[in-house]
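Trainee: Sharing a structure below in structure tokens format, with a few things to ask.
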Amino acid sequence: MQLWKDRLAAMRPTERSAAVAQLLRIEEEGAFAGLVGGSPGADTDETAADSDDAEEAPAGQQQRQQQQQGGDAWTRGLDARDKRAVTDLVASVTRWRRRLDYVIEACSGRRMADLDAPLRQILRIGALELVEQGAPSHTVNEHVELAKRIMHKGSGGVANFVLREIARRREAGTLPQPPPPAKGMSREQAAEALAVGASHPTWLVAGWLQQYGPKATMELLRWNNRKPHHAVRLAPGLDPAAVCKRLQGLDVAAQPSRYLPREFITVQQNMQGLLASGLIGSGQGQVQDEAAGLVVALLQPQPGEDLLDACAAPGGKTLFAAARMQGQGSVLALDIGRSRLTALRRMAARQQHGRIVSTRAADLRDFAEMLARRRRLAATGGEEAQQAQQEAEQEAEQAQQAQQGPSEAAEASAAAGDDAADSGHKPWPTQFDRVLLDAPCSGTGVLAKRADLRWRRTPEQIEHMASLQGELLAAAASLVKPGGVLVYSTCSLEASENQQQVAAFLAAHPDFAVEPPPAEAGIPAHCLSPEGYLLMLPHVHGTDGAFAVRLRRSGDNESSSAAAEEAAWPTS
Ligand SMILES: C[S@@+](CC[C@H](N)C(=O)[O-])C[C@H]1O[C@@H](n2cnc3c(N)ncnc32)[C@H](O)[C@@H]1O
């Protein structure tokens, strides 16, 4: 183990030392910038709690597990308020990292890459406090001490020199500023200038400049650097106005959502007060962005229908859909991530949806292939059809046993007060009335909440995701009944993951057509693009970014459906 790790673990933690530890985890282990030592489900302002979006990094999962097991040495002894301060500090440093590095490099004449990793984090924290938060110059002493304790005297000397120089230049009004974009710059130069100033990767800004233009890009960059606000979906039957009134009494600035006023509220500030109110802890409210809610509104699940949520975990949309179905029908929540489905089942039971929600851990492509085979067998009639039916029943039972240990089954059953534990036994249909494909994506629409994501994404990943999305979309389409509805959604702002996916899908699936949402779906007109897509832009709508399209499968064109299915899933 590196020396600094031992030293960090041995010292009595402070907010700054804990922040250094977490920043190192993000930089070296790919952890995400949120939730330092908090309890799961009680995430505060800067967490991934409601960005039911981009996948959770394995390191992030490890971190959650560690926290569930009582936290780690680096936060031991810090109370909940301190931990939230650490979370905020980590998020701010992560968000402003590129700009802070620019200032540090300009003031020190050294490249960040040449400094040791812990010293980089200390300098970033110090620079943030001095440059962005107006901390008094004498706080430099504390950073110097921290550098000496975690590393050695020499590191303290570097911290002293660099941070004093930043403080001096701040007093003199000569802090180095990244050059703003100017006339005559090439597009690449303008992207670079904007990206350094707003602390984003250049390639991302260059793409947005091309797709959205300079004005919208600058607004989006500003949005991503603001402290995010959150929305909460309320349990059915709760009156948003009454809940907001109660919260206002607790000094929580809350109001009914302007997009989903009957089910959501927004919380502008004081998330701590919200958590203290017990609304989330009691299961009466779930942190969920309004844009995610609108995706479900676009899907319009109806009581009594069979619904497949094809990429369901962690389950925010599954549970909202189940709430809309009022306990009637069935919701199959499928995801490749088995452990995240366990959490989803617990939440479903807690929110009284255990009766209609069942889960399945599988790759959607394999699952679609399996059901296509079952349909083919069933279509042959006779013995083979019976075999298909038996297979379905056995399979559902096995899945139930594999996924639900006895204690969990009992818990779900008790919490739901019904036969929740048996709900998974019903064989799934081979095609569904409605299918939601909330695809794995780059998550570029949630960068305000996921400060680390902007540094983790690469153009190659987006290319890879786009190709996966195309495959998942074809698989999901095969699971839609003739006449049924397919909603494809992402929390990405990239055309390659959104509009271009739809265009490619429609070209390969003539039995599907875009269906603009009917008035009853309640989607405000200004949230829809001219093509009828749901398009939530953070800087325009004040929500997470989201894209969704509602596609209707024709009911009378069986041959083209079958042809498309055959093309997607060869029978061999
Ligand atoms: C955007 S997240 C879904 C968020 C979820 N709909 C919600 O609202 O809480 C995408 C999900 O797709 C899952 N996934 C990725 N590849 C998959 C595959 N091949 N088959 C099934 N699920 C997959 C990931 O595990 C992740 O949970």
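Coordinate-derived values only; no laboratory data. Owing to the predicted nature of the structure, the values given are computational and were not obtained by experimental measurement. No Cβ is skipped: glycine too gets one built from the backbone with ideal geometry, and neighbour counts run over all protein chains shown.
Trainee: Students often forget the sequence filter, so: which lysines lie under 18 Å Cα-Cα from Lys183 once same-chain residues fewer than 8 apart are removed?
Mentor: Within the straight-line cut-off, Lys183 pairs with Lys215.
Trainee: Hey, can you grab everything whose amide H is under 5 Å from the amide H of Tyr259? Only 5+ residues off in sequence or another chain; H modelled, so Pro and N-termini drop out.
Mentor: Hits under the 5 Å cutoff: none.
Trainee: OK, next. For Leu250, Leu371, Leu130, what ranking results if the residue with the fewest other Cβ atoms within 10 Å of its Cβ goes first?
Mentor: Details: Leu250 14, Leu371 21, Leu130 24.
Lowest count first: Leu250, Leu371, Leu130.
Trainee: A further question follows. Given H placed on each backbone N at 1.01 Å, which residues far from Phe432 in sequence or on other chains put an amide H within less than 5 Å of it?
Mentor: Here Val480, Lys481 satisfy the definition.
Trainee: Also, quick follow-up: Can you tell me the order of 101-108, 379-386 when each peptide is scored by its average per-residue count of other Cβ atoms within 10 angstrom, highest first? It would help to have the intermediate numbers written out before the result.
Mentor: Values: 101-108: 20.2, 379-386: 10.8.
In decreasing order of mean packing, 101-108, 379-386 become 101-108, 379-386.
Trainee: Right, next: Expressed in nm to one decimal, what extension gain is obtained for the pair Arg81 and Ala10 from 0.36 nm per residue of sequence separation less their Cα-Cα distance? Walk me through the intermediate numbers first.
Mentor: On the way: separation 71, 0.36 × 71 = 25.56 nm, distance 2.19 nm.
Full-extension gain reported as 23.4 nm.
Trainee: Also, I was wondering about something else. In which sequence would Ile122, Ile462 go, from the one with the fewest C-beta neighbours within 10 Å to the one with the most?
Mentor: Working: Ile122 29, Ile462 20.
Ordered from fewest to most neighbouring Cβ atoms within 10 Å, Ile122, Ile462 come out as Ile462, Ile122.
Trainee: Right, something else. How large are Rg and Dmax for the range 230-287 when calculated on the C-alpha trace, in angstrom?
Mentor: For the range 230-287, the Cα-based Rg and Dmax read 9.7, 26 Å.
Trainee: If you don't mind, there's one more thing I want to ask. Taking amide H positions as placed in the peptide plane 1.01 Å from N, state which residues far from Leu551 in sequence (5 or more) or on other chains have amide H under 5 Å from it.
Mentor: Hits under the 5 Å cutoff: Leu486, Val487, Tyr488, Glu515.
Trainee: Could you give each residue of the range 125-142 its phi-based ³J(HN,Hα) in whole Hz, using Karplus coefficients 6.51, -1.76, 1.60 with θ = phi - 60°, and x for Gly or Pro?
Mentor: 4, x, 5, 4, 5, 6, 8, 9, 10, x, 5, x, 4, 5, 5, 3, 3, 5
Trainee: To continue, here is another question. Could you sort the peptides 525-534, 507-516 by per-residue average Cβ neighbour count (10 Å cutoff), highest mean leading?
Mentor: On the way: 525-534: 14.4, 507-516: 16.2.
Packing order, densest peptide first, comes out as 507-516, 525-534.
Trainee: Over 28 Å between Cα atoms, which of Lys317/Lys449; Lys83/Lys148; Lys245/Lys317; Lys153/Lys227 qualify? Before the final figure, lay out the partial values.
Mentor: Values: Lys317/Lys449 18 Å; Lys83/Lys148 23 Å; Lys245/Lys317 26 Å; Lys153/Lys227 36 Å.
Lys153/Lys227, as the Cα separations exceed 28 Å there.
Trainee: Can you tell me how much longer the chain between Lys227 and Ala504 gets when fully stretched, taken as 0.36 nm per residue apart minus their C-alpha distance, in nm with one decimal?
Mentor: Value of the extension gain: 96.1 nm.
Trainee: How many nm separate the modelled label positions at Trp203 and Arg246, each set 7 Å beyond the Cα in the direction of the Cβ?
Mentor: Roughly 4.8 nm, to one decimal.
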